[in-house]
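Below is one structure, written out as structure tokens; the observations come after it.
The values are calculated or read from the model by the stated rules, or taken from the named source; none is laboratory data. Treat the numbers as computed from the prediction; the structure is a model and nothing was measured. Cβ placement follows ideal geometry from the backbone for every residue including glycine, while neighbour counts extend to all protein chains displayed.
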Amino acid sequence: MKEGMNEMERMISGKPVVTKKLKKSKIKASLQRKEGLQGYLFIAPWIIGFLFFMAGPLLFSLYGSFTNFNITSTMDFIGIDNFKKMFTNDPIIWLSLRNTLYFVVVSVPLTTAGAVILAVLLNQGIRGMRVFRTIYYLPAVLSGVGVYLLWMQLLSPSSGLVNTLLSFIGIDGPAWLTDPSWTKNALIFMKMWSVGGGMLLYLASLQGVSPSLYEAAEIDGASSFRKFFHITLPMITPVIFFDLVTSTIGAFQIFQEAYVMSKNGEGGPANSLVFFNLHMWNKAFKVFDMGYAMAMSWVLFIIILVLTVINLKLAPRWVHYEGEDRK
């Protein structure tokens, strides 16, 4: 009664009536704004880094792909001339695409299958298995120019360890890095050596598969192969899908191996190691045609984007997620 009289007095005196509900809503809105500002403050370093080191260079390269930018002074807008030149007046571009596609098509399935098989073998409950897991994972840690120089010694036609071992079983090893028909296969062979990173992902996924599934299959008389293809593979398909997507993107970006292991970093012999990224590097930092190189980078981005979208569209047909209700 007293509160009602106070509100009537405020109305008569011309003062606004502020209810408790309005006060609470204002306080709540103020707290939300404060929390929002604090959140943006905490992520401000990431936002600044993204704008300056990712979004900024990305937009600059997009604009630069339509110019004749040469790093020093020239940056005139020339429209789509770089893209026309790429597909009509650059004979190396198609060769680099073929080399890159060959590497992707052969290396990605082989490394994926190798990582899965290795993970299955290392998932056995045998004494000392942790030592073997560590040994097979080590090559994934040892990366860089030193590893490529080591493999150049191992793949030497005359004194390399690979050909020496092949000679023990009566096989005359090829000239891995000097024969154009074997150079890409040499890099794929080297790639198989470092499947330990993918193996670790599959090993973690395998240990999440319920043993009851295998027990039920054994009761039904299923063989080891049937258990592998009908239980193991379907249960780890999410990890296989992730590995396929990331491996495909990484294979399209092959550069270091060809740059270090080819003569003068030019992709020899006979341009057999001229991959798309290596050709783009040569255009950018050897002839300083940076605008053309930027256009090449966007073509590569579109190719990878299209293939990734296709993988995402096809994934529901073969990727099995636990608890998923498929109709």
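Suppose we filter PHE77, PHE83 for residues that are more than 30 Å from PHE242 (Cα to Cα), in contact with a Phe, Trp or Tyr (Cβ under 7 Å, 6 or more places away or on another chain) and among the hydrophobic types (A, V, I, L, M, F, W, C); which single one remains?
Criteria check complete, one pass: PHE77.
Could you grab me the full set of residues in segment 134-143 that are modelled with pLDDT of 85 or more, farther than 16 Å from LEU187 by Cβ and in contact with a helix residue (DSSP H, G or I) (Cβ under 6 Å, 6 or more places away or on another chain)?
TYR136, TYR137
Which residues, taken from segment 59-83, are without any contact (Cβ under 8 Å) to a residue 60 or more places away in the chain and surrounded by 13 or more Cβ atoms within 10 Å (Cβ to Cβ)?
Across segment 59-83, the qualifying residues are TYR63, ASP81.
Restricting to segment 259-287, what's the tally of residues that are aliphatic (A, V, I, L, M) and within 14 Å of LEU97 (Cβ to Cβ)?
Residues that pass the stated criteria total 4.
Consider segment 123-159. How many of its residues are exposed (fewer than 12 other Cβ atoms within 10 Å of the Cβ) and small (Gly, Ala, Ser)?
The number of residues fulfilling the criteria is 6.
Can you name the residue in segment 229-254 that is aromatic (Phe, Trp, Tyr) and touching a helix residue (DSSP H, G or I) at 6+ places or on another chain (Cβ under 7 Å) and, of all such residues, is farthest from ILE303 (Cα to Cα)?
PHE241
Name the one entry in PHE301, PHE276 that is touching a residue at least 40 places away in the same chain (Cβ under 8 Å), assigned by TED's automatic domain parsing to the domain that holds LYS184, among the aromatic types (Phe, Trp, Tyr) and surrounded by 14 or more Cβ atoms within 10 Å (Cβ to Cβ).
Every option except PHE276 fails the conditions.
When you check LEU305 against the structure, is it over 30 Å from MET152 (Cα atoms) and not polar (S, T, N, Q), yes or no?
yes
Considering segment 120-146 alone, what residues qualify as being under 24 Å from THR308 (Cβ atoms) and of a type in the set (A, V, I, L, M, F, W, C)?
Hit for segment 120-146 is ALA140, nothing else.
I'm trying to understand the selection: among the residues of segment 206-229, which are polar (S, T, N, Q) and more than 20 Å from TYR321 (Cα to Cα)?
Across segment 206-229, the qualifying residues are SER223, SER224.
Yes/no per residue for (1) within 29 Å of ILE249 (Cα to Cα); (2) touching a residue at least 40 places away in the same chain (Cβ under 8 Å); (3) more than 23 Å from the chain's Cα centre (by Cα); (4) in a helix (DSSP H, G or I):
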site: PHE87; (1), (2), (3), (4): yes, no, yes, yes
site: VAL104; (1), (2), (3), (4): yes, yes, no, yes
site: LEU118; (1), (2), (3), (4): yes, yes, no, yes
site: GLY173; (1), (2), (3), (4): no, no, yes, no
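Go through (1) part of a helix (DSSP H, G or I); (2) modelled with pLDDT of 90 or more one by one and return the number of the condition GLY146 breaks.
Of everything listed in (1) part of a helix (DSSP H, G or I); (2) modelled with pLDDT of 90 or more, GLY146 misses just condition (2).
So if I check each of LEU177, LEU213, which one is assigned by TED's automatic domain parsing to the domain that holds VAL116, in a helix (DSSP H, G or I) and surrounded by 11 or more Cβ atoms within 10 Å (Cβ to Cβ)?
Of the residues listed, the single one that is assigned by TED's automatic domain parsing to the domain that holds VAL116, in a helix (DSSP H, G or I) and surrounded by 11 or more Cβ atoms within 10 Å (Cβ to Cβ) is LEU213.
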